[in-house]
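Each remark here refers to the structure printed beneath this line.
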Amino acid sequence: MTTVTTPDPGPQHPGMMRQLGADSGYVLLGLPLALVSFVVVVVGLAVGLGLVVTVVGLPIIAGVLYVARGFADLERLRLPAVLRQPRVRPRYLAAQPGATAWRRIFVPITDSQSWLDVAHTVLRLPMAAIAFVITVVWWAGAVCGCLYWAYDWALPHSPGNGELSGLLGLGDSAGARIGLNSAFGVFFLITLPIVARGCALFQAAAGQALLTGVAEMRNRITVLEEQKRAAQSAEATALRRLERDIHDGPQQRLVRLAMDLGRVRHQLTSDPEAARRALDEAVTQTRDTLAELRALSRGIAPPILVDRGLPSALAALAARGIIPIELTVDPELGTSAGRLEPGVESAAYFVVAEALTNVAKHSRATACGLTVRRAVDRLVIEVADDGEGGAHLAKGHGLAGIADRVRAAGGTLSVDSPVGGPTLIHADLPC
């Protein structure tokens, strides 16, 4: 059964006022933190370097690096509100279990990220000071200008004392002063979100480059390496399974077919009736071989996936299931405008095929539900069954191949399968 699902809405950006508060708070709190961290780290390093010729210097430097790491972690906690990105923390070098005290002291000194934390502490102070001053000026201009009408009467005014309104030819009256200052206040108020956003991004630039940039690059390299290994593992497993199936099935039947045809050739003149029976067996072997080859071809690339798209291919796959399968798929995936890239469609098809095979072989389920929907830039696949549960990636049960497929495509896989059931396999693929 195919039903229509509505794609999930994407993540919403915070409102303008909420973002203004986050940016202003980040900038205003940034200067005190930058000043404290700068004094502590710079003074500590100066003392440590001054005593480096003694035994005391290296432990002081190591302690300062740990303090800089603490300030860096605090900055990493503040960055997501400004950059709208998840928190990223690099992997620091750690001492081996049982390491001596001196080895533990040298670990942070030899860690490049620790020195990037120190560099951030030094560069952060001037950037934080510039952003702080500009933000305070804009807030003061907006508040004082817009509320000038409320305190103009309390300010001393005398004719010809060089009021700005008089210098601009607007006169020295209270109305002229209030109008001019209110106009300035409105200008500062309108541009305040933009200026605060720019100052926050300017101050966060050092943190993004030194505290998370290297970590993001390393994490990306690690993810790509894992995807490469997963793709190689998935393809190797599929190739071994295909080779085994061909050897155990069609190859053996073709060998027997060749033997039957050879026997027919010798029996054509001596025993025509036996030759006829042998030909009948050869025809049967040919049909069985073709049936097995068709079954194997489904595991390579079904033509319906290329011709009609993912929904039709999944419907055909569900129709061949040995247990009832309720299919819920986003019909947009089958349209020309909503079709996914061939690699994503192929990965999604094989993930579903292997998941349904795992359900049929191991779950002892009586019903299965398959949901495929698109959520902005992700393809969500959920396979649920009412079987006995107990499935886990570490135990195999056919889930290792699914995990490799999903990881190779850059997605994530989760399995919720308590003992006694039910089981839910959730795959998330980027599209």
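The values are calculated or read from the model by the stated rules, or taken from the named source; none is laboratory data. Quick caveat, the model's predicted, so the values are computed rather than measured. In this analysis, Cβ positions are derived from the backbone assuming ideal geometry, glycine residues included, and neighbour counts consider all displayed protein chains.
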- prompt: Do we have any residue at all in the range 332-341 that's at pLDDT below 80 and crowded, with 19+ Cβ neighbours inside 10 Å?
  reply: yes
Filtered residues of the range 373-386 (kept if under 22 Å from Ile322 (Cβ atoms) and either outside the structural domain of Leu424 (by TED's automatic domain parsing) or surrounded by fewer than 23 Cβ atoms within 10 Å (Cβ to Cβ) (or both)): Glu382, Ala384, Asp386
field: Glu341 being within 22 Å of Ile323 (Cα to Cα) and either assigned by TED's automatic domain parsing to the domain that holds Ala318 or more than 23 Å from the chain's Cα centre (by Cα) (or both)
entry: no
Candidates Arg104, Arg89, filtered to the one that is among the charged types (D, E, K, R) and in contact with a Lys or Arg (Cβ under 8 Å, 6 or more places away or on another chain): Arg89
- request: Take the range 348-407 and flag every residue that is of a type in the set (Lys, Arg) and closer than 21 Å to Leu429 by Cα.
  value: Arg373, Arg374, Arg378, Arg405, Arg407
- request: Quickly run through the range 127-156 and pick out the residues that are free of Cβ contacts under 8 Å to residues at least 24 places away in the same chain and closer than 21 Å to Gly175 by Cβ.
  value: Ala150, Tyr151, Trp153, Ala154, Leu155, Pro156
Flag if Tyr66 is in the same structural domain as Thr135 (by TED's automatic domain parsing) and part of a helix (DSSP H, G or I): yes
field: Single condition Thr54 does not satisfy, out of (1) among the hydroxyl-bearing types (Ser, Thr, Tyr); (2) closer than 30 Å to Ile105 by Cβ; (3) part of a helix (DSSP H, G or I)
entry: (3)
field: Qualifying residue in the range 402-413 (condition: buried (at least 17 other Cβ atoms within 10 Å of the Cβ) and within 17 Å of Pro311 (Cα to Cα))
entry: no
- prompt: Which one of these is within 26 Å of the chain's Cα centre (by Cα) and in contact (Cβ under 8 Å) with a residue 60 or more places away in the chain: Ala347, Ala384, Ala391?
  reply: Ala347
query: Does the range 28-42 contain any residue that is in a helix (DSSP H, G or I), more than 39 Å from the chain's Cα centre (by Cα) and surrounded by 15 or more Cβ atoms within 10 Å (Cβ to Cβ)?
result: no
message: Step by step: first the residues of the range 75-93, then only those that are within 17 Å of Gly30 (Cβ to Cβ) and more than 16 Å from the chain's Cα centre (by Cα), then the one that is surrounded by the fewest Cβ atoms within 10 Å (Cβ to Cβ). Which residue is that?
response: Leu77
message: Within the range 397-418, does at least one residue satisfy the condition of being assigned to a loop (DSSP other than H, G, I, E, B) and at pLDDT below 75?
response: yes
task: Could you pull out every one of the helices (runs of 4 or more DSSP H) wholly within the range 126-240 that has 3 or more residues that are at pLDDT 70 or above and not basic (Lys, Arg)?
output: 148-151, 174-207
statement: Per the filter on the range 75-115, residues of a type in the set (A, V, I, L, M), over 30 Å from Leu20 (Cβ atoms) and either part of a loop (DSSP other than H, G, I, E, B) or touching a His at 6+ places or on another chain (Cβ under 6 Å) (or both) are Leu93, Ala94, Ala95, Ala99
